[in-house]
Amino acid sequence: MGQLCGRCMQLLRDFIGFVQRMSSDLVQGIKACLTLISKCSCLKQNGSKNRQLYKPILQPHERVTAQEFLQHIERDFEMSPLGKDPLEALRTLSFSENPGLQQSAALYYLHMSQHMNLPLPVEHLEPFYALLSSADLEVQQMSSLSLVNFLLEGNIDKELVVQMGLLEPILDLLESEDPTVQCNSCACIMTLAVSESNREAIGAARGITPLLSLAKSYDPRVQQNAVGAILNLTQSEKIQQVLCKEGALPVLALLLESPDSEVQYYSCAALSNVAANVQHHKDLLRPSDRFLLQTLISLLSSSVDKVSSQACVCLRNLATSADIQAEMVAENALPKLCSLLASGSEDVRRASIALLWILSQHPPNQDTLACAELLQSLGMLLAAHKTDPVIVGHTACIIKNLSLCKNRQRITESCCVEGLLQTMLVTEAQEDSLRYVTSCLAELAKQEGAMLHMVQWMDEPLTKCLVRLAGQLEYPELSFHAASIIQHMIGHEKMMLLWKHHTGEIQAYLKNFLTHQEVRFQQLGISTFCRLRAGAESP
C-alpha cells in the first residue's frame, strides 16, 4: 500500500481533530444541561462548583448513546425519567470507562433521587455497581449520595440493595480518603443496617473494622454517620459479639465525651443495646475501670434531652447487680435523677423514673432514696402526670419499696400519699397502673401512721372508687388490694360514716370473697366482716 500524499494526510488530521472536538462538545453538552438542572432553585442547592472534565475520545456507541441521552433529558425527562430508553443509556454511560460519561449518569441519578419520589425499579440498581466502583471521585460522591437519598426516602428495598451485590462497593468506599465519600458510604451502611439480614451481611463482609476507624474521624459528618451505623448494627446480638471482639466498647465509651450531642446519643444508645445483654457486662464494667459508669452518670446532667434519657436507659440496663446499683447511688446519681423527674420531656421523665425504680429495689439504697427531696419530687410528679401509666406505675412501685425501710415515716409526711389516692380517681387510668397504686396504698395502710394520714384525705369520691375497685371481678389482684385498703381503714369513725353509703356494694364483694377459691380472699372477707361488725356495735 502506498503512502498518503500531503493533502490526504492533512485531511485525515483535520478529521481526527473534528472528531475530538465533537466528542468533547458532546460531553460538555450533557454536562452543561444536567448542571443547569442541578442549579435550579427547585434543587435547594446553592453555589454548585463547575466541574472540569478532561476531553476524552468517545467510543462510537457511547457517542450515539450520549447524544440520545442528551435529547431525552431535553425533551422527555419529566415524562419518563425511569423509562426503558433512559435505562439503556444509563447502563452504557455507567459502565463506560469514560469518567465524563459516568459523571453524567451519576448526576442523572442524583437529580432523580432529589426530585422523583417514586420507587426505583430493580433494573435501575444495576448501574450503581459500576458507578460506586468508579475510580472517579466525583462519580463516587454523586452516586453514593443518590443511593443514600433513595434509601432514606424508602424508594429502594434495603435488602435488595445487598442481594444485588452493592454492599461490596459501598464497603470499599469506606476506605476512601475523601470525607464526602466516607460520609455518604457510612450513611448507606446506617440505613441498610435496619434489617437483620443486612446487619449479618455487613458483619460477614468485615464492615465493622472500617466503621470503627471512621468513628474516630475528625469530620463530624463522617463520625456521626459511622457511629449511627454502629448503633443500628448493635440491634443484632450476633453482631454485638463481633463488635466486642473488634474493640468497639472502648471506642463507644470515649465517644460519650464527644462535644457533638448526636455522637453522644448514638454511642450511648449503642452501649444501651449492648448492655441489655448481661453477658457483656463484664467487659463494660471492669472492676479496675469505672470510666463508663461515671461518664454515663455525668450525662444525666446533659442539656440535650435525648442524651440524658439514653444515659438513664443505659444505666438501667447495667443495674442488674446490687453492687452496681449501690455504686450508682454512691456516685451521686440521685440529685441528677430528681432534676430529671421535673423535665419537660416525657421520654426523660419515664427513663429517669424507671432507673429510680431499679435502684429502689436494692434494700441498702432505700434509706438513701427515702430523702425529702426525692419524695417531694415523686409527689409532684404524681400530681402533674396522674394520667401517665408509666409514671404512675413506677412511682407507686418506688414508694412501696421505700415504705419497707426504717424511714417510712418520711413517706407519710410527704405529698406522695395524697398523690397516690388522687390517681385512683382518673377515669382513664389503666388496670396495671391502678394495681400498682392500690398495692402500694395497701402496704402503707398496714402502718398506723400512714393509715391515719390516708383517712384524712378520704372523701366520698375516693370511698366510692375504692368500693368499686374492690367489687369488680375482671382483675382479681386489683380487687384484693382495694379491699385490703378498706379493711385497714374500716374502724375509723370518719370511714364508718362514709362506708354507710356503700353498705350494699361492700356486702356484695364480701360475699364473693367468702366463696372465692383462694384462701387469702376468704381470710380478707372474714376479717373485713368482723371489723365492720365491731365498728357497728361500738358506741
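Of the helices (runs of 4 or more DSSP H) contained entirely in segment 268-354, not one carries at least 2 residues that are touching a strand residue (DSSP E or B) at 6+ places or on another chain (Cβ under 6 Å) and acidic (Asp, Glu). Looking across segment 203-238, the residues that are part of a helix (DSSP H, G or I), open to solvent by less than 70 Å² (accessible area, probe 1.4 Å), under 20 Å from Asp172 (Cβ atoms) and among the aliphatic types (A, V, I, L, M) come down to Ile208, Leu211, Leu212, Leu214, Val222, Ala226, Ala229, Ile230, Leu233.
Out of Leu524, Leu532, Leu498, which single residue is surrounded by 12 or more Cβ atoms within 10 Å (Cβ to Cβ), hydrophobic (A, V, I, L, M, F, W, C) and closer than 24 Å to Tyr436 by Cα?
Leu524
Entry remark, segment 420-432: residues being under 15 Å from Leu466 (Cα atoms), part of a helix (DSSP H, G or I) and open to solvent by 10 Å² or more (accessible area, probe 1.4 Å) number 2 in total.
Here's the yes/no breakdown for (1) closer than 27 Å to Asp323 by Cβ; (2) more than 26 Å from the chain's Cα centre (by Cα):
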{"residue": "Asp347", "(1), (2)": "no, no"}
{"residue": "Leu359", "(1), (2)": "yes, no"}
{"residue": "Val392", "(1), (2)": "no, no"}
{"residue": "Ala396", "(1), (2)": "yes, yes"}
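Condition (residue is within 26 Å of the chain's Cα centre (by Cα), modelled with pLDDT under 95, crowded, with 22+ Cβ neighbours inside 10 Å and not in a loop (DSSP other than H, G, I, E, B)) applied to segment 399-419: is it met by at least one residue? Within segment 399-419, not a single residue is within 26 Å of the chain's Cα centre (by Cα), modelled with pLDDT under 95, crowded, with 22+ Cβ neighbours inside 10 Å and not in a loop (DSSP other than H, G, I, E, B).
The number of residues in segment 367-379 that are out of contact with any Gly (no Cβ under 8 Å at 6 or more places or on another chain) and surrounded by fewer than 21 Cβ atoms within 10 Å (Cβ to Cβ) comes to 6. Taking His453, is it buried (at least 23 other Cβ atoms within 10 Å of the Cβ), out of contact with any Pro (no Cβ under 8 Å at 6 or more places or on another chain), part of a helix (DSSP H, G or I) and not aliphatic (A, V, I, L, M)? For His453, the condition - buried (at least 23 other Cβ atoms within 10 Å of the Cβ), out of contact with any Pro (no Cβ under 8 Å at 6 or more places or on another chain), part of a helix (DSSP H, G or I) and not aliphatic (A, V, I, L, M) - is not met. Any chance segment 458-474 includes a residue that's over 27 Å from Glu413 (Cα atoms), open to solvent by 50 Å² or more (accessible area, probe 1.4 Å) and not in a helix (DSSP H, G or I)? Within segment 458-474 (the criterion being over 27 Å from Glu413 (Cα atoms), open to solvent by 50 Å² or more (accessible area, probe 1.4 Å) and not in a helix (DSSP H, G or I)), the answer is yes, since at least one residue qualifies. Filtered by the rule that a residue be among the small types (Gly, Ala, Ser) and either within 13 Å of Ala342 (Cβ to Cβ) or in a helix (DSSP H, G or I) (or both), segment 355-388 gives Ser360, Ala372, Ser377, Gly379, Ala383, Ala384.
Output the residue which, of all residues in segment 267-299 that are hydroxyl-bearing (Ser, Thr, Tyr) and open to solvent by 50 Å² or more (accessible area, probe 1.4 Å), is modelled with the lowest pLDDT. Looking at residues that are hydroxyl-bearing (Ser, Thr, Tyr) and open to solvent by 50 Å² or more (accessible area, probe 1.4 Å), I get Ser288. For segment 332-366, the set of residues classified as buried (at least 16 other Cβ atoms within 10 Å of the Cβ) and charged (D, E, K, R) consists of Lys336, Arg349, Arg350, listed by residue number.
Looking only at segment 230-261, count every residue that is among the charged types (D, E, K, R), touching a residue at least 40 places away in the same chain (Cβ under 8 Å) and farther than 17 Å from Leu284 by Cβ and tell me the total.
1
The set of residues from segment 112-132 being touching a Ser or Thr at 6+ places or on another chain (Cβ under 9 Å), open to solvent by 10 Å² or more (accessible area, probe 1.4 Å) and more than 12 Å from Phe150 (Cβ to Cβ) comprises Glu126, Tyr129, Ala130. Of everything in segment 150-184, what is of a type in the set (S, T, N, Q) and crowded, with 21+ Cβ neighbours inside 10 Å? Give them in sequence order. Residues satisfying the conditions are Gln182, Asn184. Can you find even one residue in segment 188-196 that is surrounded by 17 or more Cβ atoms within 10 Å (Cβ to Cβ), in contact with a Gly (Cβ under 8 Å, 6 or more places away or on another chain) and part of a helix (DSSP H, G or I)? Yes, segment 188-196 contains at least one residue that is surrounded by 17 or more Cβ atoms within 10 Å (Cβ to Cβ), in contact with a Gly (Cβ under 8 Å, 6 or more places away or on another chain) and part of a helix (DSSP H, G or I).
The values are calculated or read from the model by the stated rules, or taken from the named source; none is laboratory data. This is a predicted model, so every value here is computed, not measured. Cβ sites come from the backbone with ideal geometry, for glycine too, and all protein chains shown count toward neighbours. Ligands, DNA and RNA are excluded from the accessible area calculation, which covers all protein heavy atoms including side chains. Shrake-Rupley method; radii C 1.70, N 1.55, O 1.52, S 1.80 Å.
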